[in-house]
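Asker: One structure, as structure tokens, below. Some questions next.
The values are calculated or read from the model by the stated rules, or taken from the named source; none is laboratory data. A quick note: this is a predicted structure, and the numbers were derived from the prediction, not measured. Methodologically, a virtual Cβ is constructed for each residue, glycine included, from the backbone with ideal geometry; neighbour enumeration extends over all protein chains shown.
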Amino acid sequence: MRFPWLLPLCCAALAMAGPITYDVTVNTSSISGITGSLDFNFNPGELVTQSASLQILNFNSDGTLAEACPCTTGDVSGQLPATLTFDNGTAFNDYFDNFTFGSTITFSVSLYGPALSSPDGVSTSGSTFAFSMFSDTAGTMPVLTSDTTDGYAFTIGVNLDGSTTVTNFSTETTIEAESSGAPPSSSVPEPGTFLMVLIALAGLVRFRGRLPTGAR
């Protein structure tokens with residue numbers, strides 16, 4: 001006798017932890033019409049840093065992206081308004097693009113990978129995502145931020161325990177946490193998933209033991 005219900009149960013038990021995702025909305029009406037630039041970067045700390053990845057999803061704005069190709073550095077792929085994908089495998093991973101501002105910008109930031117789903121307990125640095133806006137195409141005049149040191153609108157830090165910390169420097173920026181889903185890529189089950197599978201298999205063995213011989 002076959003047990004078709006067992007496969008989805010095992011698959012559910014082996015599901016990985018979802019990414020940590022934030023929905024971002026920026027009110028840019030005060031600088032509407034200005035041709036400036038946007039900057040996204042995701043970088044490891046200076047010490048031992050566990051692998052992590054990040055995606056910029058669902059970018060939308062009534063502003064206008066430059067027609068020319070953006071400037072990218074390090075481990076970055078994609079081009080706005082399509083998905084951008086970063087990882088922290090090199091020291092500096094950056095996406096910079098000229099942009100004529102409209103009244104609003106929205107996008108999602110999704111963080112995933114071993115540093116978030118299975119912290120190794122030995123790394124000594126986390127990673128940091130930062131988003132900046134500039135009123136010039138050279139990226140030297142940050143706007144809509146109180147961060148006079150780096151010019152970041154906001155940052156998201158990946159902590160050593162797999163949690164994240166948001167620091168918002170912009171009164172025009174709203175950052176809301178989204179519920180987790182399946183990560184774009186991961187190979188390490190969350191703690192407890194193997195136990196769930198063993199419980200399911202143990203239940204199957206006990207059930208089969210109670211069946212008549214001809215029904216097994």
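Asker: Take V143 and tell me if it is of a type in the set (V, I, T) and within 14 Å of T28 (Cα to Cα).
Answerer: For V143, the condition - of a type in the set (V, I, T) and within 14 Å of T28 (Cα to Cα) - is met.
Asker: Take the range 150-179 and flag every residue that is at pLDDT 95 or above, assigned to a loop (DSSP other than H, G, I, E, B) and not aromatic (F, W, Y).
Answerer: Hits for the range 150-179 are D150, G151, A153, N159, L160, D161, G162, S163, S170, T171, E172.
Asker: Then there is this: Of the residues G209, G139, G192, G113, which is at positive phi, modelled with pLDDT under 95 and either hydroxyl-bearing (S, T, Y) or out of contact with any His (no Cβ under 6 Å at 6 or more places or on another chain) (or both)?
Answerer: On the way: G209 fails: at positive phi; G139 fails: modelled with pLDDT under 95; G113 fails: modelled with pLDDT under 95.
Every option except G192 fails the conditions.
Asker: From T25, T49, T83, T73, which residue is more than 24 Å from P114 (Cβ to Cβ) and in the same structural domain as M141 (by TED's automatic domain parsing)?
Answerer: Details: T49 fails: more than 24 Å from P114 (Cβ to Cβ); T83 fails: more than 24 Å from P114 (Cβ to Cβ); T73 fails: more than 24 Å from P114 (Cβ to Cβ).
Step by step, each of T25, T49, T83, T73 is checked, and only T25 is more than 24 Å from P114 (Cβ to Cβ) and in the same structural domain as M141 (by TED's automatic domain parsing).
Asker: Moving to a separate point now. Please find, among G74, G151, G126, G89, the residue that is small (G, A, S) and closer than 15 Å to T173 by Cβ. Spell out how you get there, then give the answer.
Answerer: Working: G74 fails: closer than 15 Å to T173 by Cβ; G126 fails: closer than 15 Å to T173 by Cβ; G89 fails: closer than 15 Å to T173 by Cβ.
One residue alone meets the criteria, G151.
Asker: Are there any strands (runs of 3 or more DSSP E) wholly within the range 76-149 with 2 or more residues that are of a type in the set (G, A, S), and if so which? Give the steps one after another, and end with the answer.
Answerer: Working: elements: 84-87, 94-100, 104-112, 127-134.
Here the list reads 104-112, 127-134.
Asker: Would you be able to tell me the number of residues in the range 14-62 that are β-branched (V, I, T) and either without any contact (Cβ under 8 Å) to a residue 40 or more places away in the chain or not in a strand (DSSP E or B) (or both)?
Answerer: Quick first cut of the range 14-62, residues β-branched (V, I, T) only: 20-21, 24-26, 28, 31, 34-35, 48-49, 56.
Filter again for either without any contact (Cβ under 8 Å) to a residue 40 or more places away in the chain or not in a strand (DSSP E or B) (or both), leaving 28, 31, 34, 48.
Matching residues across the range 14-62 total 4.
Asker: With (1) surrounded by fewer than 15 Cβ atoms within 10 Å (Cβ to Cβ); (2) in contact (Cβ under 8 Å) with a residue 12 or more places away in the chain as the list, and S77 as the residue in question, which single condition is left unmet?
Answerer: (2)
Asker: To continue, here is another question. Pairs please, first residue from the range 152-173 and within 19 Å of S37 (Cα to Cα), second anywhere and surrounded by fewer than 19 Cβ atoms within 10 Å (Cβ to Cβ) and modelled with pLDDT under 95, Cβ atoms under 9 Å, 6+ apart in sequence or on different chains.
Answerer: As it stands, the answer is none, since no pair meets every condition given.
Asker: Count, please, the residues in the range 80-105 that happen to be under 26 Å from P19 (Cα atoms), among the hydrophobic types (A, V, I, L, M, F, W, C) and buried (at least 17 other Cβ atoms within 10 Å of the Cβ). Walk me through it before giving the result.
Answerer: Pass one, the range 80-105, residues under 26 Å from P19 (Cα atoms): 80-97, 104-105.
Those still in the list that are among the hydrophobic types (A, V, I, L, M, F, W, C) too: 80, 82, 84, 86, 91-92, 96, 105.
Narrowing the set further to residues that are buried (at least 17 other Cβ atoms within 10 Å of the Cβ) leaves 80, 84, 86, 96, 105.
So the count comes out to 5.
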